[in-house]
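Colleague: Attaching a single structure in structure tokens format; questions to follow.
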Amino acid sequence: MNEKDNNELDALIDASLDGRLSEVEAERLSLRIEESSDARKRYWELASVHGMIEQSMQNALLRAVNGEVLVTNAKVPSRFRWSRITSVAAAVLFGIFTASLVWACAVPLVSSTQRVSREVVFESFEDPEMKPLGRFPTTANKWFGGILSVPGKGGVPAVEGARLGKFENVPKHRFTYARYVVDLDDYAEPSDEHIRSIEVSSSFFSPDLDPTSVFRIDVAAFRELPEAVQPVWIDREHFDDVVLQRVGRNYSPELSGQPAWHEVKLMMEIPPGTKSVVVSLGSGKRAPGGAGSDRYIDAVRIHLVDTSKPVE
């Protein structure tokens, strides 16, 4: 980031920590934090300093009043808690869905050192025999859908390892998906003092820069066990009534420059009572007429993140 961008980011973070952030500014900060690891690092740096300053001021006041040194854990102000920026949410009607999806980005507004991240999936498609069965997962912890393992070569080198995933190109289908179900029963539940989230990242590649190309990450939480999710998923009439939470993000390759890998990330807070989380990775096009050119995926990571709740 250049100096102007750094100054703007610092101003947004300061306003956030002081509770002076407008909805427009909150949306801008949300986007910066979501898309830039440098922005996230800077946020935690300033939040930590802000917290230390407040604690120092409290200790100084106590010493002045009592004539003694007292070390105490300063409570984190309520404005530092994880907040869902409702102004960022937008209803989007996307071609293959019959209902609008709610897009959300949870911006971390808590200065906390208790954040435990656990990698539950890393996939770079190194198994040449990988042949997912079925379009939707009927069991947990396996890939399903239209994706194959191919060697990285020429103009499409692998991001990690020697191979990558290639979406099947089915002319009659506008979109192709690879899906994975995380069984939360495999992981100890977080305590009442923690919030659990799921983080998904994946790299996508489209060699032809088709202006109608689009890649997608979609995450949905269900109270059903993995083997019982499929009938719920395909029941579109009642789907919105039973899904506990759903977040999606689309990415369209830029038309300028040379084709390149692009990393897309998404995070969703997991509601209480969730037993299964479906992760969908999609490739397709907005325009009718089928999937079109070849499209690729690599370096898929899924993390469960437990973050301590703020002290009231």
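Colleague: So what are the ³J(HN,Hα) numbers for segment 12-17, from phi and the Karplus equation (6.51, -1.76, 1.60; θ = phi - 60°), rounded to whole Hz, Gly and Pro as x?
Modeller: My calculation for segment 12-17 gives 5, 5, 4, 5, 5, 5 Hz in order.
Colleague: To the nearest 20 debye, what charge dipole does segment 115-308 have about its Cα centre, counting +1 at the Cβ of each Lys and Arg and -1 at the Cβ of each Asp and Glu?
Modeller: 740
Colleague: I'd like the Karplus ³J(HN,Hα) series for segment 223-234: coefficients 6.51, -1.76, 1.60, θ = phi - 60°, whole numbers in Hz, and an x wherever there's a Gly or Pro.
Modeller: 7, 6, 5, x, 6, 9, 7, 3, x, 5, 5, 7
Colleague: Separate question: Fully extended, how many nm does the chain gain between residue 4 and residue 162 (0.36 nm per residue separation, minus their Cα-Cα distance)?
Modeller: Extending this stretch completely gives an extra 52.9 nm.
Colleague: Assuming 0.36 nm per residue, please report the length gained on full extension of the stretch residue 133 to residue 35 beyond their Cα-Cα distance.
Modeller: 32.0 nm
Colleague: Follow-up. What spacing in nm lies between the two simple spin-label points modelled at residue 142 and residue 241, each 7 Å away from Cα in the Cβ direction?
Modeller: My value for the distance between the label points is 3.2 nm.
Colleague: Mind checking the full-extension length gain between residue 153 and residue 208? Use 0.36 nm per residue of separation minus the Cα-Cα distance, one decimal, nm.
Modeller: 18.2 nm
Colleague: Place a point 7 Å from the Cα of residue 293 along the Cα-to-Cβ direction; which residues of segment 131-175 have their backbone N under 13 Å from it?
Modeller: It comes to 155-156, nothing else.
Colleague: Continuing with the same structure: Between residue 158 and residues 5 or more places away or on another chain, which pairs have amide H atoms under 5 Å apart, with H built 1.01 Å from N, and which residues are they?
Modeller: The answer is 152, 153.
Colleague: Provide the per-residue ³J(HN,Hα) series for segment 155-167, in order, calculated from phi with Karplus coefficients 6.51, -1.76, 1.60 and θ = phi - 60°, each as a whole number of Hz, with x at glycine and proline positions.
Modeller: Coupling constants for segment 155-167: x, 10, x, 5, 6, 9, x, 10, 10, 8, x, 10, 5 Hz.
Colleague: At what distance in nm do the modelled label points of residue 183 and residue 254 sit from each other, each positioned 7 Å from its Cα along Cα→Cβ?
Modeller: So the two model labels end up 4.3 nm from each other.
Colleague: Can you tell me how segment 115-308 classifies by the Cα gyration tensor, rounded, prolate or oblate, using a/c under 1.5 as the rounded cut?
Modeller: Taking the square roots of the gyration eigenvalues as a ≥ b ≥ c, segment 115-308 is prolate.
No lab work stands behind these numbers, since they all come straight from the coordinates. Predicted, not measured: the structure shown is a model, and the values here were computed from it. Cβ: placed from backbone, ideal geometry, glycine included. Neighbour counts: every protein chain shown.
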